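The values are calculated or read from the model by the stated rules, or taken from the named source; none is laboratory data. Just so it is clear, the model here is predicted, and its values are computed rather than measured. Methodologically, a virtual Cβ is constructed for each residue, glycine included, from the backbone with ideal geometry; neighbour enumeration extends over all protein chains shown.
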Amino acid sequence: MSVSRLLFIAGLSAAVAAAAGLAAGVSAAQDHTAATLKPASDFEQITDKTARAVALFEEAGKVIQHPRCVNCHPAGDKPLQGMGMHPHQPPVARGEADIGMPGMMCGTCHGPANVDVVAQAETIKSIPGNPAWHLAPIEMAWEGRSLGQICEQIKDPARNGGKTLDEIVEHMAHDDLVGWGWDPGAGRESVPGTQEVFGELMRRWAADGAACPKA
């Protein structure tokens, strides 16, 4: 084969590789964009307050329905784990106070902060931690529910711990355990955006009438 022919093939291969790399980069960028959280200001062009409130809550739903959050809002008495939301291992139960059963309480393994570990498996790089580590009360179970159902639940004092709407917004915007979702430790995907952006979405949702998506 002639030298010119070899150079042509080499150049074509390089071009294909570059195109593939560019496509992969575009795909990764699109995936990253899909995982971001839009600020509340992005919804100001929606003039109807009810429609705007629904859109704001749907954006906040990227956090609310993320496995990092739903894992601690299970429908049963056992917490979930991982992006696949599989049952917690080792097996544990919520107990009467949502902090585990005697002899296997949440604090037995979960300390006041995330702890990096020498990986026994590629999927285990840290142990989550927070001073208030516990399951959400069963009345606040989100697992298996639509965003509209969760929205109605969040607004209902009988199912949200007796909180007012302002208190719910404050909880979402500043609670330290909620904030763990943005700092879940090595080896875990965080929820999108920041707690500040999430809190503002919730605040504007409440200010616009707290309308819910259709269940």
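Structure data summary
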read-out: Filter result for VAL54 (more than 18 Å from GLY185 (Cα to Cα) and assigned to a helix (DSSP H, G or I)); value: yes
read-out: Neighbours by Cβ (under 9 Å, 6+ apart or cross-chain): first from region 190-215, on the phi > 0 side of the Ramachandran plot; second modelled with pLDDT of 95 or more and part of a loop (DSSP other than H, G, I, E, B); value: GLY193/LEU37; GLY193/LYS38; GLY193/PRO39
read-out: Test: residue in region 67-81 that is within 19 Å of the chain's Cα centre (by Cα) and farther than 25 Å from PRO192 by Cβ; value: yes
read-out: Any hit, region 159-173, residues being among the small types (Gly, Ala, Ser), surrounded by 14 or more Cβ atoms within 10 Å (Cβ to Cβ) and out of contact with any His (no Cβ under 6 Å at 6 or more places or on another chain); value: yes
read-out: Hey, ASN71 over 22 Å from THR36 (Cβ atoms), surrounded by 16 or more Cβ atoms within 10 Å (Cβ to Cβ) and of a type outside the set (Lys, Arg) or not; value: no
